[in-house]
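See below for the structure under consideration.
Values in this text are rule-based calculations from the coordinates and carry no lab data. This is a predicted model, so every value here is computed, not measured. Cβ placement follows ideal geometry from the backbone for every residue including glycine, while neighbour counts extend to all protein chains displayed.
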Amino acid sequence: MAEFTITGDIDPFLHVSLKRGEKIYCESNAMVMMEQALELKGKMTGGLGSALMRRFANGESFFQQHIEATRGDGDCLLAPTLPGAIEILDVGACSYMLTDGAFVAAESGVNLNVRTQGLGSALFGQTGGFFICEASGVGKLAVSGFGSSFALDVEPGKDIIIDNAHVVAWDSRLHHEISVATQGGGGFLGQIVNSVTSGEGMVLKFSGRGKVIICSRNRQNFASWLLKLIPGNG
């Protein structure tokens, strides 16, 4: 199996070591450096339909980069789109749901499939709209968020509430539901108003048993920062 390691503390690289015949795929433009023994190709992983669905679900590129050790062993360095940490997950015993832009790279045995989610999560959760990507199969998966990352372990009877803008990925066996950070009178609409005025907005409550990957920076603020870089939006 390919070896995934993280190199660097601030805005790190994903260092992947491949033996002859092994291959991975990654987000478009993720490859920073690769040795001559490796071969890089652009492909629509899973065909046209799957590529379109992933584009709508997570905003991933239509074409992904496929790197294979065709001429011998070799190493490559990959960089995520978001300026932040990288987490390496083992897909097999469980699969993982990914939020927008979280995918960095995976071994060839990992499949990115598109699933639908409930109306509440689609409208308020900001985790991928009505469609969301699920990483299943067997192999290593690398995801990234904005800022530092941390893995939380959810256990039965110990539900965890997380600001939706800080969620990167989670174990698909977990139950999640949309909620508001603050409680108060006035029904659900009143709670939304209270939550927005508190600065927290919507949150996700996870229950069951599994892992949730979170990031330290607000992904919404990152999107706003990117818009300011465009002339006329500053």
Q: Arrange 175, 15 by Cβ neighbour counts within 10 Å, fewest through most, would you?
A: 175, 15
(Q) 5 Å is the cut-off here: which amide hydrogens, built 1.01 Å from N in the peptide plane, fall below it relative to residue 148, excluding neighbours closer than 5 in sequence? (A) 85, 216, 217
Q | Packing-based exposure ordering (other Cβ within 10 Å, fewest first) of 99, 7, 81, 70 | A | 7, 70, 81, 99
